[in-house]
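The values are calculated or read from the model by the stated rules, or taken from the named source; none is laboratory data. Please read these numbers as outputs of a predicted model, since none were measured by experiment. A quick note on method: Cβ atoms are made from the backbone with ideal geometry, for glycine too, and the neighbour counts reach across all protein chains shown. Each accessible area value is taken on the protein alone, full model and side chains, heavy atoms only, with ligands, DNA and RNA left out. Shrake-Rupley method; radii C 1.70, N 1.55, O 1.52, S 1.80 Å.
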Amino acid sequence: MAEGTSKDRGGGGARIWLLALGMFAIGTDLFIVSGLLPSMAGDLGLSTAAAGQSVTVFALTYAVAAPVLAGLTSTVDRRTLLVAVLIVFAAGNALSAFATSYAVLLLSRAVAGAGATIYASTASAVAAGITSPERRGRSLALVYAGMTTAIALGVPLGSAIGDFSSWRWAFGFVALLALVALAGLWPALPSVPGPGGSGVRQRLAVFRVRHAPSALLVTAFWVVGTFVVYTYLGALFDRAGHVGTGLRPWLLLLFGVGGFAGVMASGRLADRVDPRAALATSVALLAVVLAVLSPALRSTAGTAVALTAWGFAHWCAFPLIQHRLLHIGGRHGDMLLALNQSALYLGQTLAGALGGLIVGAGRLGSLPWAGAAFELLALLVLVVGATRARGGGGGRGNGPAARERGGPAERRADAESCPSGV
């Protein structure tokens, strides 16, 4: 793989953008459903709450299936795997488009979730593997720029399709995006061997890698901090009173624009500085933005600035998280990325439940403070981990702890010595 990386570097940019297109499809599917729930419920004769469980099924499948499927597919060529899971993802969305009953709808969302989870982690690992080590952070950022672009463009476009015709055509649009990405990736990607080796139980032993559990905990706290607020953003807009329904798509567009800027900026940061220090700065900034969100929502201009800054700070962290996981995981990096997907969606599920409890208690205005508190918890875990890394592991220069402490030169050496991380 080290030799293949240097040979493929010239065409790597186009391949990274194709991987990002697949993430654009997944991101659109992730966020589009909330705007389609009323029409889905009416068409299928469901309550809005019941239709909303399709989101829960997608998220739980995404979370639970990530480590299991990563283990089961560890020996499969990465190009073949990406094409296969895009087919599964497209099929799940096509089934959603043709769903005639609640049971079929839930099944379709589980199928789409299974395809989405393995694509997300595999695309990140492949992007890192076909890119030179000094450009790895930027490649990871480009892949996840597809996700943030989906928030800014894919979700409004899908919702517009649903409003113009039917929610079924919106799912068809997502399936089409996946097929376009598939058609581009199959001839463009080189053959990339899977890490292979062990079964699910042995690969889950990655939890014993030093810093891995705390890194996944950072992801979970980080996600809860944003989504405990974002899930109920519509209610916060209603409470503010000045944000009409016609203005909301433009404000959410600003969140996506800020996210795109953040994810691109963090890719360059990851290649130039210690990803852990950059991640801590990003999480701290996010905590500040959430803490001032309530007063910012009192005016339209303040809301616009706050949502842009929020999108920037939140999505700036994600490529740094991915880069750090690949760095400390070594040859287990692909499994850490898969487990990170589980942490993401378990955190999102917890955020929805916790936010519901806070709103049910009549404390809607406290949601931004709760979000800031979880970001501070994520920052605390990072600081404690950094302190322990400096204080322990004396003499061991080649293990995960040493990789966690190492600078750019050490990260490049580690990438060259562990090329099978994809």
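Side notes on the structure shown:
- Amide H within-cut-off set for Asp77, under 5 Å, with H built and near neighbours excluded: Gly194
- Cα→Cβ-extended label distance, 7 Å offset, between Trp250 and Ala91, nm: 4.4 nm
- Region 24-130 - Rg and Dmax from Cα coordinates, angstrom: 14.6, 48
- Per atom type, region 256-381 shows carbon and sulfur on 73% of its accessible surface, probed at 1.4 Å.
- Alpha-carbon radius of gyration plus Dmax, which is the widest Cα pair, for region 234-304 in Å: 14.9, 44
- Residue-by-residue Karplus 3J(HN,Hα) for region 221-236, coefficients 6.51, -1.76, 1.60, Hz, glycine and proline x: 4, 4, 5, 4, x, 7, 7, 5, 9, 4, 4, 10, 5, x, 5, 5
- Taking a sphere under 13 Å around the Cβ of Val104 and counting the other residues whose Cβ falls inside, with K and R at +1 and D and E at -1, yields a net charge of +1.
- Over region 65-117 - Rg/Rh using Cα atoms and the Kirkwood inverse-distance radius: 1.05
- The rule of thumb for compact globular proteins, 2.2 N^0.38 Å, goes into the C-alpha radius of gyration of region 87-138 1.58 times.
- Protein accessible area in region 9-100, 1.4 Å probe - carbon and sulfur %: 70 percent
- For region 221-347, the solvent-accessible area of protein heavy atoms averages 33 Å² per residue (probe radius 1.4 Å; ligands and nucleic acids excluded).
- Span from the region 234-267 Cα centroid across to the region 175-192 one, whole angstrom: 31 Å
- With protein chains left intact and a 1.4 Å probe, residues in region 49-106 average 38 Å² of accessible area per residue.
- Theoretical gain in end-to-end length, Leu380 to Gln53 [0.36 nm per residue, Cα-Cα removed]: 114.4 nm
- Coil-residue chymotrypsin sites (Phe, Trp or Tyr not before Pro) of region 57-158, DSSP, other Cβ within 10 Å capped at 16: Phe98
- Simple label model, 7 Å out from Cα along Cβ direction - Asp43 to Val288, nm: 4.5 nm
- Cβ-derived FRET efficiency at R0 51 Å, His242 paired with Trp186, nearest 0.05: 0.55
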